[in-house]
């Protein structure tokens, strides 16, 4: 029996990026929009963030554009480095494991589902006078819903008992804020985590990049 592992790439960083194009294109766009926020005058920064927010006002006027654009901005550019680390820890492994299309399907579904449900909850709270009318224009942008979905689906990548420790940690991290008086964003995170966990059927046939080294026999 002779093992034939996949050849080691001569440029591991380049190979990693090429195998996870969606993650790194997304991260690049976020870096560009973050630079725009930093250099923009204060009044323009506010306009940009509100126009690209998936709040009730923008969803009612431009639903498709709003759902798409809100995934490419972060409110605090200083957190860009943290998001870069999180993308490499969660998005990139999932994309490499499942392939770009399945990864994108999971995170997009989580982003859209969590956004629509949470904004519906906000609207109901406004109508019941449990939230101020100004919440119609709240800044609701960022990539955290997609990240929560990646965290969820990555559960199925881990072996043995480590899977259950990881799952318990993920549920505690996203669930505790929700049950201790969390915000609509905390609700969105919990929904996105659930979307990632419900994506188990998409993990049954990994992408070639995510499979173990092949073993062949020679006689």
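Read the figures in this text as sums done on the coordinates, not as results from a lab. Note that this is a predicted model, so its numbers are computed, not measured. Heads up, the Cβs are rebuilt from the backbone with ideal geometry, glycines too, and the neighbour counts pull from every protein chain shown.
Give me the angle, in degrees from 0 to 90, between the Cα long axis of helix 184-198 and the longest principal axis of the Cα atoms of the chain, rounded to the nearest 10. So the helix axis and the longest Cα principal axis differ by about 30 degrees.
Remark: the residue 166-residue 129 segment gains 9.4 nm on full extension, using 0.36 nm per residue and subtracting the alpha carbon distance. When you restrict to C-alpha pairs under 8 Å that are six or more residues apart and normalise by the size of the chain, the relative contact order lands at 30 percent. Protection proxy ranking for 138-150, 57-69, using the average of other Cβ atoms within 10 Å per residue and placing the highest first: 138-150, 57-69. For the range 28-111, relative contact order (Cα pairs under 8 Å, six or more residues apart, normalised by length) works out to 29 percent.
Taking the centroid of alpha carbons for each part, the range 102-145 and the range 29-57 are 18 Å apart.
Rounded to the nearest 10 degrees, the inclination of helix 100-127 to the longest alpha-carbon principal axis of the chain is 20 degrees. Tell me the angle of helix 160-179 to the major Cα principal axis of the chain, expressed in degrees between 0 and 90 and rounded to the nearest ten. The two axes meet at around 0 degrees. Okay, helix-only estimate at 222 nm for the chain: each DSSP H run of n ≥ 4 adds -39500 (n - 2.57), divide by all residues, round to 500 deg cm²/dmol; what do you get? So the calculated ellipticity at 222 nm is -19500 deg cm²/dmol.
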